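Engineer: Just dropping this structure here.
The values are calculated or read from the model by the stated rules, or taken from the named source; none is laboratory data. Since the model is a prediction, treat every value here as computed from it, not as a measurement. Cβ placement follows ideal geometry from the backbone for every residue including glycine, while neighbour counts extend to all protein chains displayed.
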Amino acid sequence: MQDRFTRNVLWLTTCVGLLMVLWRGLPLIESQFQPTGSGGRTVTARGDLAADENSTIELFEKARDSVVFISTSQLVRDAWTRNVSEVPRGSGSGFIWDDAGHVVTNYHVIRGASQATVRLSDGRDYQAALVGTSPAHDIAVLRIGVGFKRPPPVPVGTSADLKVGQKVFAIGNPFGLDWTLTTGIVSALDRSLPDEAAGQNIEHLIQTDAAINPGNSGGPLLDSAGRLIGINTAIYSPSGASAGIGFSVPVDTVIRVVPQLIGQGRYLRPALGIVVDEQLNLRLSQAFGTRGVYVLRVPKGSAAEQAGLQPLQQAEGGGVIAGDIIVSINGKPVESVAQLAARLDDFRIGDVVNVELRRGKARELLQVPLQPGS
């Protein structure tokens, strides 16, 4: 009985050993039946690109030469040696505006810089001259002297007819990575963004989810036809990198502001010719319980005086009597000084606007021609 048990154990051990040897040798056995070769592969034919891919490629290739890389520097004087040296300050993007060599970018790209260098897509560098700025719109115009092979101006579109959901394309130089294309859609319209440097809001911004990062500022935002619809100007991001929320100055604003910067070096805002103050306006709104823009003073000879606007008055007892309170411009409500400036900025100097105001308990509607503001 014991001999039979021993024989069974030996037989089982032998079988397990043979199985282990066979298992370990299986890859070697399989390799004898596999085809031999050099390891090379045949490229699989891709076929034609999709229609939307072709259109995106064509858009980039047409627009690329109109986009520029801008690097800025600042002259710094050493406190000990009194020597002046040039220190790199930052970089951004821009685009060719016309055949005269004007380059449009963001004001914050060149703010505080002593010099700016513009690099074209073919690698040529030019020292730029500052033509004009409008901090309120975050727009600046530079000029370069291109004698030959002038880069083409970017085609200009419109922004008033933009729709949320339509495709957009951003070209710029994020983090110094030149001529980068990102795509997305119009996420929202008519956004406002506070600009601490300018001390006021930038209005009517386009919101997009196209990736916009540091260095994209000043570059063009294009529609699917390759037309300029905005200037990429800012992002909302807790980390400083793109979080899918970018903002662009609409091209309708650019079309209105840039010609003035080229012709006059600055932008004259349309104004009613009244004196107002944001902080005082807030206090008066709280004191009188009426929201709007309180007319503090009406200078003589102004458009407001000719239209008959009435200012705040001093009461005999030492208090004040509210004059006219502007509540809307052309039917659009106005509740603050910043909002009034934004409403008027949709017009041009000389345009006549309908000013709805509250005068005492009555409502009045006056027509006021817009004059140059500060």
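Condition check ((1) within 23 Å of Gly176 (Cα to Cα); (2) surrounded by fewer than 20 Cβ atoms within 10 Å (Cβ to Cβ)) across all residues:
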position	(1), (2)
Gln115	yes, yes
Ala129	yes, yes
Gly132	no, no
Asp138	yes, no
Val141	yes, no
Val154	yes, no
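Engineer: Quick check: anything in region 31-48 surrounded by 11 or more Cβ atoms within 10 Å (Cβ to Cβ), closer than 30 Å to Leu221 by Cβ and either out of contact with any Gly (no Cβ under 7 Å at 6 or more places or on another chain) or at pLDDT 70 or above (or both)?
Structural biologist: There is no residue in region 31-48 that is surrounded by 11 or more Cβ atoms within 10 Å (Cβ to Cβ), closer than 30 Å to Leu221 by Cβ and either out of contact with any Gly (no Cβ under 7 Å at 6 or more places or on another chain) or at pLDDT 70 or above (or both).
Engineer: Sticking with this structure for a sec: I need a count of the residues in region 99-112 that are part of a loop (DSSP other than H, G, I, E, B) and buried (at least 18 other Cβ atoms within 10 Å of the Cβ).
Structural biologist: Residues meeting the conditions: 2.
Engineer: Check Ile171, Ile206, Ile202 and return the single one that is modelled with pLDDT under 90, in contact with a Leu (Cβ under 7 Å, 6 or more places away or on another chain) and β-branched (Val, Ile, Thr).
Structural biologist: Ile202
Engineer: Quick check on region 8-17. Is at least one of its residues surrounded by 10 or more Cβ atoms within 10 Å (Cβ to Cβ), at pLDDT below 85 and not in a helix (DSSP H, G or I)?
Structural biologist: Looking through region 8-17, none of the residues is surrounded by 10 or more Cβ atoms within 10 Å (Cβ to Cβ), at pLDDT below 85 and not in a helix (DSSP H, G or I).
Engineer: Which condition from (1) in contact with a Ser or Thr (Cβ under 6 Å, 6 or more places away or on another chain); (2) modelled with pLDDT under 90 is the one that Asp65 breaks?
Structural biologist: Asp65 satisfies all of (1) in contact with a Ser or Thr (Cβ under 6 Å, 6 or more places away or on another chain); (2) modelled with pLDDT under 90 except (2).
Engineer: Moving to a separate point now. Which members of region 104-139 meet the condition of being farther than 21 Å from Pro151 by Cα and in contact with a Pro (Cβ under 9 Å, 6 or more places away or on another chain)?
Structural biologist: Passing the criteria: Tyr107, His108, Arg111.
Engineer: Residues that are at pLDDT below 85 and surrounded by 15 or more Cβ atoms within 10 Å (Cβ to Cβ): which helices (runs of 4 or more DSSP H) entirely in region 270-361 hold 1 or more of them?
Structural biologist: 337-344
Engineer: In addition: Can you pull out every residue in region 216-238 that is surrounded by 24 or more Cβ atoms within 10 Å (Cβ to Cβ), in contact with a helix residue (DSSP H, G or I) (Cβ under 8 Å, 6 or more places away or on another chain) and assigned to a loop (DSSP other than H, G, I, E, B)?
Structural biologist: Once the filter is applied, which keeps residues that are surrounded by 24 or more Cβ atoms within 10 Å (Cβ to Cβ), in contact with a helix residue (DSSP H, G or I) (Cβ under 8 Å, 6 or more places away or on another chain) and assigned to a loop (DSSP other than H, G, I, E, B), region 216-238 yields Asn216, Ser217, Gly218.
Engineer: For region 68-98, which residues satisfy the criterion of being at pLDDT 90 or above and assigned to a loop (DSSP other than H, G, I, E, B)?
Structural biologist: Trp97, Asp98, listed by residue number.
Engineer: Right, here's the next one. List the number of the failed condition for Gly184; all other conditions in (1) out of contact with any Asp or Glu (no Cβ under 9 Å at 6 or more places or on another chain); (2) part of a strand (DSSP E or B); (3) of a type outside the set (Phe, Trp, Tyr) hold.
Structural biologist: Gly184 satisfies all of (1) out of contact with any Asp or Glu (no Cβ under 9 Å at 6 or more places or on another chain); (2) part of a strand (DSSP E or B); (3) of a type outside the set (Phe, Trp, Tyr) except (1).
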